[in-house]
Amino acid sequence: MAIDQKLADDLKSQGVHVTSFEQLINWGRSSSLWPLQFGLACCAIEMIAATMAKYDMARFGAEVFRPSPRQADLMIVAGTVTKKMAPQVVRLYNQMAEPKYVLAMGACAISGGPFKEGYNVLKGVDRYIPVDIVVPGCPPRPEALLDGLIALQKKVKGEKLIGKDRVRHADPNGMAEMPVPEYGPHDLQPPMNPEVWKPKAKIRKEGEA
Amino acid sequence: MISDPLLQQSSPVLEEGSDDDQLLRVSLGPQHPSTHGVFRMNVELDGETVVRLKPVFGYLHRNHEKIAEGQTYLSSMPFTDRLDYICPLTNNWAYAHAVEKLAGIEVPERAEYMRVITAELTRLINHTAFAGFFLGDMGAWGSALMYAFREREKILDLFEDLTGARMMSNFMRFGGCRNDLPDGWLERCRALVDNYEPFLDEMEMFLLGNEILIARTQDVGQLPKETLINGGITGPMLRAAGVAYDIRKVDPYGIYDRFDFKMPLGEKGDCYDRLMIRFLEMRESLKILKQAIKDIPEGDFIAPKAKIRGFKPPVGEAYGRIEGPKGELGFYLVSDGTPQPYRYRVRPPSFVNLTLLEEMCVGLDIADVVIILGSVDIVLGEVDR
């Protein structure tokens with residue numbers, strides 16, 4: 001921030017809060033993330049449990065579950081994404097308005113989980129849509145989901161809205177729609193979206209062990 | 001633009017000249033707040049009245065059965081947790097029961113009692129959560145579910161102490177249970193059981209005389225007894241129609257023949273009866289729990305000769321079934337003498353109970369479809385497997 005920290009503290013003690021517009025917007029955004037009401041499998045039950053009395057997601061401003069993707073900011077992919085369901089998940093993502101975030105909850109959404117070896121399970125939802133936060137577990141406890149939510153809030157608070165390294169949704173040329181895969185004769189076509197899915201592959205050079 | 005043929009078919013279409021040109025086709029789901037997961041129905045409406053209803057399955061098909069055929073018998077135990085993920089412990093028991101039948105394993109007394117206690121607690125969880133979700137389907141989203149999940153968390157705390165996990169317990173073994181009850185667990189369980197009755201009284205006080213609930217559920221979704229029996233419907237749905245069929249009574253497994261409990265029966269079989277039958281069943285479960293906690297003996301929690309590693313049942317087949325919270329939950333296993341099952345088949349109650357959905361819904365309003373689907377009490381992990 002361009003303002004002198006001491007001056008800012010002095011002003012704060014007198015009731016004047018000095019901040020940048022970017023921080024104000026990010027603060028507002030991070031504190032009222034509206035998730036999409038969208039349960040896929042077992043993890044959805046823990047997601048519901050996280051919003052109920054004992055864990056109370058409302059403390060973090062994210063209890064307003066919207067059944068319509070048009071009104072939601074955050075997609076919690078809670079459960080196994082099968083190959084039949086993957087096109088619908090991508091469509092739902094496309095229907096959400098920017099800024100939008102994705103939280104992959106549980107082993108299945110991250111990598112296929114225990115059902116990975118099966119013929120009908122997508123091996124990670126990050127093959128088609130960009131995932132911001134992953135919450136491991138099978139299923140993750142509600143506390144873990146809340147921890148993931150707080151991590152996402154931190155990420156949102158640190159977003160750059162102007163300049164060269166601005167975030168996707170602040171960039172007029174940023175990618176907003178993901179291509180929806182189709183159910184081909186053997187598998188989903190295409191099997192992944194190379195713009196989103198960039199696994200770290202070690203390419204060995206000649207002579208290297 | 002839309003490439004999925006099913007989607008094309010389900011988008012609103014007006015075909016000129018055909019008999020159906022006044023019908024509106026609506027695709028309910030797979031992302032819909034009241035389909036309990038990723039279930040989808042293609043509904044055809046004449047005004048608001050349902051003319052046709054076709055369920056579309058498979059959005060959560062996780063090839064559970066195929067995976068199970070490629071691995072050892074014990075490796076499938078954690079997968080059974082994820083079938084009906086609201087009540088994993090009854091799934092564990094059904095699978096263990098089938099394998100024990102296949103291999104002829106005896107279960108020690110204490111383990112049987114532990115199984116009864118955990119299964120009846122699971123039934124409490126399922127029926128309590130059912131009441132919450134069912135009220136949510138009727139528009140009371142949140143408040144009823146809050147009460148239900150408050151009680152569910154108390155039982156889950158017990159499960160966590162016993163099995164190490166809130167939901168995915170992986171607790172039963174062939175010939176018993178994985179570990180013994182922790183110190184003080186039975187006392188805590190007894191306290192929970194004693195405090196459950198006031199909660200049920202409270203919940204029933206809210207619901208029984210509620211005019212909106214009565215108006216929306218009474219005389220909705222009835223079917224004749226014969227249709228239900230022919231459709232293979234089991235569990236609370238069948239008993240709500242007045243058919244006395246509870247596997248705990250008609251084909252006792254484990255030690256259920258020792259307990260004194262009743263089989264509540266409904267009269268009409270509408271959605272109201274289906275809700276109330278579950279409240280009555282919870283009271284019977286509490287009776288069983290009280291007796292089991294009183295009578296549980298000391299002893300082994302798993303048969304000492306039970307083989308965990310290198311388990312090979314003899315050649316043959318077995319069908320083990322138990323009364324799950326949703327109905328008859330069965331596992332059919334074929335063994336060819338190798339460590340892996342040759343065939344592994346689940347008979348899921350939610351899936352079979354869903355088969356009569358169209359018969360129940362046709363002629364009613366679209367708003368009733370949601371309630372009827374809620375009253376069937378499905379879990380998609382079990383429907384699609």
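The values are calculated or read from the model by the stated rules, or taken from the named source; none is laboratory data. What you are looking at is a predicted structure, and each value in this text was computed from that prediction instead of being measured. Quick reminder, even Gly has a Cβ in these numbers, built from the backbone with ideal geometry, and neighbours come from all protein chains shown. Heads up: the accessible areas ignore ligands, DNA and RNA and are worked out on the full protein's heavy atoms, side chains in. Shrake-Rupley method; radii C 1.70, N 1.55, O 1.52, S 1.80 Å.
Going by what's in this entry, would B:TYR332 be described as out of contact with any Gly (no Cβ under 7 Å at 6 or more places or on another chain) and part of a strand (DSSP E or B)? Answer is yes for this residue.
For the range A:126-138, the condition of being of a type in the set (Lys, Arg), closer than 30 Å to A:PRO185 by Cα and without any contact (Cβ under 8 Å) to a residue 40 or more places away in the chain holds for none of the residues.
Residues of the range A:41-72 that are over 18 Å from A:LEU146 (Cα atoms) and at the interface with chain B (Cβ under 9 Å from one of its Cβ atoms): A:ALA41, A:PRO67, A:PRO69.
There is at least one residue in the range A:132-153 that is closer than 18 Å to A:GLU22 by Cβ and either in a helix (DSSP H, G or I) or out of contact with any His (no Cβ under 7 Å at 6 or more places or on another chain) (or both). Among the residues making up the range A:73-83, those that are touching a helix residue (DSSP H, G or I) at 6+ places or on another chain (Cβ under 9 Å) and within 12 Å of chain B (Cβ to nearest Cβ) are A:MET75, A:VAL77, A:ALA78, A:GLY79, A:THR80, A:VAL81, A:THR82. Quick check on B:GLU120: is it within 28 Å of B:ARG345 (Cα to Cα) and surrounded by 23 or more Cβ atoms within 10 Å (Cβ to Cβ)? It is true that B:GLU120 is within 28 Å of B:ARG345 (Cα to Cα) and surrounded by 23 or more Cβ atoms within 10 Å (Cβ to Cβ).
Only one of the listed residues (B:ASP219, B:ASP183) is within 30 Å of B:ALA96 (Cβ to Cβ) and outside any helix (DSSP H, G or I). That residue is B:ASP183. Considering only the range A:43-66, I want to know if a residue exists there that is touching a residue at least 12 places away in the same chain (Cβ under 8 Å), within 30 Å of A:ASP171 (Cα to Cα) and surrounded by 21 or more Cβ atoms within 10 Å (Cβ to Cβ). The answer is yes; a qualifying residue exists. Applying the criterion of being of a type in the set (Gly, Ala, Ser) and not in a helix (DSSP H, G or I) to the residues of the range B:54-107, the residue that is farthest from the other protein chains (Cβ to nearest Cβ) is B:GLY104. Considering each of B:LEU156, B:LEU145, B:LEU162, B:LEU124 in turn, give the residue that is within 22 Å of B:GLY235 (Cα to Cα) and assigned to a helix (DSSP H, G or I). Result of the check over B:LEU156, B:LEU145, B:LEU162, B:LEU124: B:LEU124. When each of B:PHE133, B:PHE149 is tested for being without any contact (Cβ under 8 Å) to a residue 24 or more places away in the chain and within 14 Å of another protein chain (Cβ to nearest Cβ), the lone residue that passes is B:PHE149.
Residue by residue, here is whether (1) within 14 Å of chain B (Cβ to nearest Cβ); (2) under 23 Å from A:LEU74 (Cβ atoms) holds:
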position	(1), (2)
A:VAL156	no, yes
A:LEU161	no, yes
A:ARG166	no, yes
A:ALA170	no, yes
A:GLY174	no, yes
A:VAL180	yes, yes
A:GLY184	yes, no
A:GLU195	no, yes
A:LYS198	no, yes
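The one condition from (1) surrounded by fewer than 13 Cβ atoms within 10 Å (Cβ to Cβ); (2) closer than 22 Å to B:ASP137 by Cβ; (3) in contact with a Lys or Arg (Cβ under 6 Å, 6 or more places away or on another chain) that B:PRO297 does not meet is (2). A count restricted to the range B:175-198 and to residues that are open to solvent by less than 10 Å² (accessible area, probe 1.4 Å) and of a type in the set (A, V, I, L, M, F, W, C) stands at 4.
The conditions of being within 14 Å of another protein chain (Cβ to nearest Cβ) and out of contact with any Gly (no Cβ under 8 Å at 6 or more places or on another chain) are not met by B:ARG190. Of the residues making up the range A:1-55, those that are assigned to a loop (DSSP other than H, G, I, E, B) and more than 20 Å from the chain's Cα centre (by Cα) number 15. Taken over the range A:111-123, the residue count meeting the criterion of being of a type outside the set (D, E, K, R) and surrounded by fewer than 23 Cβ atoms within 10 Å (Cβ to Cβ) is 6.
In the range A:84-94, of all residues being open to solvent by 10 Å² or more (accessible area, probe 1.4 Å) and over 24 Å from A:ALA151 (Cα atoms), the one that is farthest from the other protein chains (Cβ to nearest Cβ) corresponds to A:ARG91.
For first residues located in the range B:247-264 and without any contact (Cβ under 8 Å) to a residue 24 or more places away in the chain, partners that are assigned to a loop (DSSP other than H, G, I, E, B) and lie 6+ apart or on another chain with Cβ distances below 6 Å form the pairs B:LYS249/B:MET263.
Of all the numbered requirements in (1) part of a loop (DSSP other than H, G, I, E, B); (2) within 20 Å of B:VAL116 (Cβ to Cβ); (3) of a type outside the set (S, T, N, Q); (4) at pLDDT 90 or above, B:GLY254 misses one, and that requirement is (4). Scanning the range A:129-169 for residues that are over 14 Å from the mean Cα position of the chain (by Cα) and within 20 Å of A:GLU46 (Cα to Cα) returns A:GLY137, A:CYS138, A:PRO139, A:PRO140, A:ARG141, A:PRO142, A:GLU143, A:ALA144.
Let's see how each residue does on (1) out of contact with any Pro (no Cβ under 9 Å at 6 or more places or on another chain); (2) surrounded by fewer than 21 Cβ atoms within 10 Å (Cβ to Cβ):
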residue: B:GLY254; (1), (2): yes, yes
residue: B:ASP257; (1), (2): yes, yes
residue: B:LEU265; (1), (2): yes, yes
residue: B:ARG283; (1), (2): no, yes
residue: B:PHE311; (1), (2): no, yes
residue: B:GLY330; (1), (2): no, no
residue: B:SER335; (1), (2): no, no
residue: B:PRO348; (1), (2): yes, no
residue: B:PHE351; (1), (2): yes, yes
